[in-house]
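Encoded as structure tokens, the structure appears first; notes follow it.
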Amino acid sequence: MKIAVFAGDGIGPEVTQEAVRVLEALGLPDLELIAGDVGAAAWRKHGHPLPEATLEIARSVGGILFGAVGDFECDTLERHLRPEQAILGLRKELGLFANLRPARVFAGLEDLTTLRPEVAAAIDLLIVRELNGDVYFGEKGMRMTPDGRRKGYDVMSYAEDEVRRIAHVGFRAAMGRGKKLCSVDKANVLETSQLWRDVVIEVAAEYPQVELSHMYVDNCAMQLVKNPGQFDVIVTGNLFGDILSDQASMCVGSIGLLASASLSEGTLGLYEPIHGSAPDIAGKGIANPMATILSAAMLLRHSFGLEAQAVRIETAVSKALADGIRGGDLGGSAGTREIGDAVLARL
Ligand code: IPM
Ligand code: MG
């Protein structure tokens, strides 16, 4: 059972360390953890945010536990050397096209959101975000116009097969939950979105039990704060999913609690907290490791089929929260190690 651990930058190493302790405590037979360098940390050591050696490790394992990448010092580097290229490169190279970002309010934490507690309490949704296409991976560049002005461009496009395969992920996810799927696009303006909508409607014919709706992305941003309880599964493109998933995480109250999975057509997946590297608190031992610990649970579930072990971790985290263990992100004072210990004690 091989798992790669790519801790990365900022608080990445601190939070992944706690998730590793949890994985090790489960007593899984043949567990082998393989560390690899990514992000600014890899750039400092090897001159590249995603060294070939790291990619090789990634290709040799069943699942990848990922911390975070990002470092202000790298903001002026050429784009292909910036830390973010590590995660974008892994997504593309490994065909990790389906990003699952669940958001729900943990019992007892209803007061921590910026929404009214009764509105937030109803949140239990899953964002299925396409990860291999869209404006993220289209042709991009900077050119000079004939009259000497600089012009930046990033091309948005989706091919129908790319839409079809993520639509299937969305419908299947809905089948396993509340059987409601909301496809989010901007079909009133964008041709890419019109194709998206047409293809989603075609795929819907294979899932008659799922109630499909469509929503423009601007309206979805509004509905997420107005009445987030209406959503079960949201399926959307790369850019809209990036933005909406951050928004959904804040509706829940803490970005420090949300895990994510990036899945390929096979069982290989990459699992990471949805928060970033948080350089302002890095190295202080105060980051909340729960999102990474919950990502490890998703890894066991989706890449190794270990549902019972995944639930064991998730239950331990819920219990720790119910017992009042709170990191700084939740207005408490528990440190990274202390939270890790609390989860371990409840496994
Ligand atoms: C995310 C992040 C990444 C993205 C960055 C770090 C490239 O914001 O995973 O949501 O934009 O996809
Ligand atoms: Mg993002």
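Roll a 1.4 angstrom probe over the protein heavy atoms and tell me the percent of accessible area of the chain that is carbon or sulfur.
52 percent
Is it possible to state the helix-based mean residue ellipticity at 222 nm for the chain, with each DSSP H run of 4+ residues giving -39500 (n - 2.57), the sum divided by total residues, to the nearest 500 deg cm²/dmol? What is it?
Mean residue ellipticity at 222 nm (helix-derived): -12500 deg cm²/dmol.
Can you give the accessible area per residue of the chain, in Å², using a 1.4 Å probe?
Ligands and nucleic acids excluded, the figure is 43 Å² per residue.
Roughly how far apart, in whole Å, are the Cα centres of the stretch 94-163 and the stretch 289-347?
With the stretch 94-163 and the stretch 289-347 each reduced to a Cα centre, they are spaced 25 Å.
In the stretch 105-254, if the dipole is taken from +1 on Lys/Arg beta carbons and -1 on Asp/Glu beta carbons about the Cα centre, which of 142, 253, 119 is farthest to the positive end?
Farthest along the dipole direction, towards plus: 142.
Need one number: nm distance between label points at residue 153 and residue 202, each 7 Å from Cα along Cα→Cβ, rounded to one decimal.
A separation of 2.7 nm, rounded to one decimal place.
Could you check the simple spin-label distance between residue 2 and residue 216, using points 7 Å along Cα→Cβ, in nm with one decimal?
4.9 nm
Check the straight Cα-Cα distances from residue 92 and name the lysines below 30 Å, setting aside those fewer than 8 residues away within the same chain.
Output for residue 92: 2, 45, 140, 151, 179, 180, 186.
Which value, in debye to the nearest 20, gives the size of the charge dipole of the stretch 105-254 about its Cα centre, when Lys and Arg are +1 and Asp and Glu are -1 at the Cβ?
240 debye
Given the peptides 122-132, 174-184, 141-151, 53-63, arrange them by the average over their residues of other C-beta atoms within 10 Å, most packed first.
122-132, 174-184, 53-63, 141-151
Using mean Cβ contacts within 10 Å as the protection proxy, how do 233-241, 204-212, 89-97 order, highest first?
Highest mean packing first, the order is 233-241, 89-97, 204-212.
Nearest 0.05, what FRET efficiency do residue 73 and residue 243 give at R0 = 25 Å with Cβ-Cβ as r?
Working: r = 26 Å, r/R0 = 1.03.
Efficiency, rounded to the nearest 0.05: 0.45.
Note down the magnitude of the dipole of the stretch 186-276 about its Cα centre, charges +1 on Lys and Arg C-beta and -1 on Asp and Glu C-beta and zero elsewhere, to the nearest 20 debye.
It comes to approximately 280 debye.
Where Lys and Arg each count +1 and Asp and Glu each count -1, what net charge lies around residue 343 among other residues with Cβ under 9 Å from its Cβ?
+1
Ranked highest first by average number of other Cβ atoms within 10 Å, how do 258-271, 10-23, 213-226 line up?
Per-residue mean Cβ counts within 10 Å order the peptides as 10-23, 258-271, 213-226.
The values are calculated or read from the model by the stated rules, or taken from the named source; none is laboratory data. A quick note: this is a predicted structure, and the numbers were derived from the prediction, not measured. Every residue, glycine as well, gets a Cβ built from its backbone with ideal geometry; the counts of neighbours run over all protein chains shown. Surface areas here come from the heavy atoms of the whole protein model, side chains and all, with no ligands, DNA or RNA. Shrake-Rupley method; radii C 1.70, N 1.55, O 1.52, S 1.80 Å.
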